[in-house]
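Here's the structure we're looking at; comments come further down.
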Amino acid sequence: MSSDTLAKVPTAPEIPEPADAPRIVPQRRYGQWAAAVVVLALLGFAVNSVLRNEAFHWDVVADYVTSASILRGLWLTLWLTAVVMVLGFALGTLLAAFRLSANPVLRAVGWGYVWLFRSIPILVQLLLWFNIGALYPQVLGVKTVDLLSPVAVAIIGLTLHEAAYAAEVVRGGILSVDRGQIEAAQALGLSPGRRWWRIVLPQAMRAIVPPAGNMLIGTLKGTSIVSVIAVNDLLFSGQLIYHRTYQVIPLLMVATLWYAVVTSLLGIGQHYVERHYARGTENAR
């Protein structure tokens with residue numbers, strides 16, 4: 001085709017933009033801005049009230065927030081939380097396997113355990129274990145009172161309680177894995193162990209980590225209930241001090257500050273663990 005022919009090929013005419021084209025104006029959300037101003041005003045009022053209220057005795061809070069007894073109680077709280085979570089998820093994983101088993105007896109045992117320990121309040125469970133000596137005065141020739149210290153009672157009671165919830169978390173995570181991928185792994189000849197570690201677990205962790213992180217934070221705060229059986233945790237340490245000094249509010253604020261700090265750090269860690277297991281998905285951020 002010659003250059004003259006190309007020159008005669010008509011081209012689409014340019015459509016001029018009308019001079020009076022409407023201009024897009026973002027919607028003005030006066031109601032939202034007004035609500036934001038009201039919320040900020042109320043928040044500022046609340047913060048100012050807390051900081052300037054002399055009844056909080058912030059100078060006393062500063063004196064005790066890093067005291068040796070409070071730090072010992074904090075350490076016991078962290079240690080108790082870690083032990084309960086590890087043992088609770090170990091037992092919960094076993095119970096989840098029972099719930100998913102083809103054996104009806106194991107399924108019934110798993111379901112019964114979860115039903116029982118989710119039905120009884122944790123405070124009632126702790127008090128029952130603390131007074132177990134009334135039912136079984138001796139175990140293997142040893143007095144139950146000497147065998148179970150308050151810390152041991154706390155570990156047993158909290159672990160059995162958390163295992164019931166951990167079982168449902170693990171079971172839900174395993175059920176979230178597409179059955180087709182497991183069948184594909186079987187078709188490739190992967191052993192059951194490799195199917196579990198390479199196929200099931202990495203995908204199940206995406207569904208397990210968020211509720212497990214919430215359980216960890218809930219367990220940390222829930223350990224404060226062991227103060228009723230005289231376990232020297234963070235809250236009980238504060239109680240011992242304010243029973244002596246009568247500074248109830250400042251010591252409760254000390255415990256509150258430490259719980260807030262630790263839960264915030266755990267929340268940050270949970271965020272990064274979730275992002276790690278969400279790699280390759282649209283939720284990774």
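Taking the helices alone, the chain has a mean residue ellipticity at 222 nm of -23000 deg cm²/dmol, built from -39,500 (n - 2.57) per DSSP H run of at least 4 residues and averaged over all its residues. The packing ranking, built from the mean of other Cβ atoms within 10 Å per residue, places the peptides 98-106, 135-143, 148-156 in the order 148-156, 98-106, 135-143, highest first.
From the Kirkwood radius over Cα pairs of the range 103-142, Stokes-Einstein at 4 °C and 1.567 mPa s returns a whole-number translational diffusion coefficient of 107 µm²/s. Considering only Cα atoms, the convex hull volume of the range 161-280 works out to 108 Å³ per residue.
Taking every pair of Cα atoms in the range 225-285, average 1/r, invert it to obtain the Kirkwood radius, and report Rg/Rh to two decimals. Could you put the intermediate results ahead of the total?
On the way: Rg = 17.9 Å, Rh = 13.9 Å.
Value, to two decimals: 1.29.
Decide, for the range 17-118, between rounded, prolate and oblate: order the square roots of the alpha carbon gyration tensor eigenvalues as a ≥ b ≥ c, take rounded if a/c falls under 1.5, and otherwise choose prolate if a/b is larger than b/c, else oblate. In terms of gyration-tensor shape, oblate. Between 0 and 90 degrees, rounded to the nearest ten: what's the tilt of helix 201-222 against the longest Cα principal axis of the chain? Value to nearest ten degrees: 50. Taking 0.36 nm per residue of sequence separation and removing the Cα-Cα distance, the ASN48/ILE120 pair yields an extension gain of 21.8 nm. Principal-axis analysis of the Cα atoms of the chain puts helix 30-52 at an angle of about 30° to the longest axis.
Expressed as a whole percent, the accessible area of the chain that falls on carbon and sulfur atoms is 66 (1.4 Å probe). To the nearest 10 degrees, how steep is helix 150-175 against the longest Cα principal axis of the chain, on a 0 to 90 scale? Computed tilt is about 30 degrees.
What is the calculated FRET efficiency for LEU40 to ALA62, with r their C-beta to C-beta distance and R₀ = 30 Å, to the nearest 0.05? If you can, show how the numbers build up before the last one.
Working: r = 28 Å, r/R0 = 0.92.
After rounding, the FRET efficiency stands at 0.60.
Size of the chain from its Cα atoms: along the principal axes, largest to smallest, the extents are 112, 67, 30 Å. Computed from phi, the 3J(HN,Hα) profile of the range 129-146 under the Karplus parametrisation 6.51, -1.76, 1.60 (θ = phi - 60°) reads 5, 5, 10, 5, x, 5, 8, 10, x, 10, 10, 6, x, 10, 4, 4, 4, 7 Hz, with x in place of Gly and Pro.
Our Cα-only numbers for the range 36-85 put the radius of gyration and Dmax at 17.1, 45 Å. Counting only Cβ charges, +1 for Lys and Arg and -1 for Asp and Glu, the dipole size of the chain around its Cα centre is about 600 debye. Relative to the globular-protein estimate of 2.2 N^0.38 Å, the Cα radius of gyration of the range 89-173 stands at 1.23.
A 1.4 Å probe run over the chain, with the rest of the protein chains in place, finds 65 Å² accessible per residue.
The values are calculated or read from the model by the stated rules, or taken from the named source; none is laboratory data. Given the structure is predicted, the values throughout are model-derived calculations rather than measurements. Cβ atoms come from the backbone with ideal geometry, glycine included; neighbour counts cover every protein chain shown. Remember, those area values only see protein heavy atoms, side chains included, never the ligands or the DNA or RNA. Shrake-Rupley method; radii C 1.70, N 1.55, O 1.52, S 1.80 Å.
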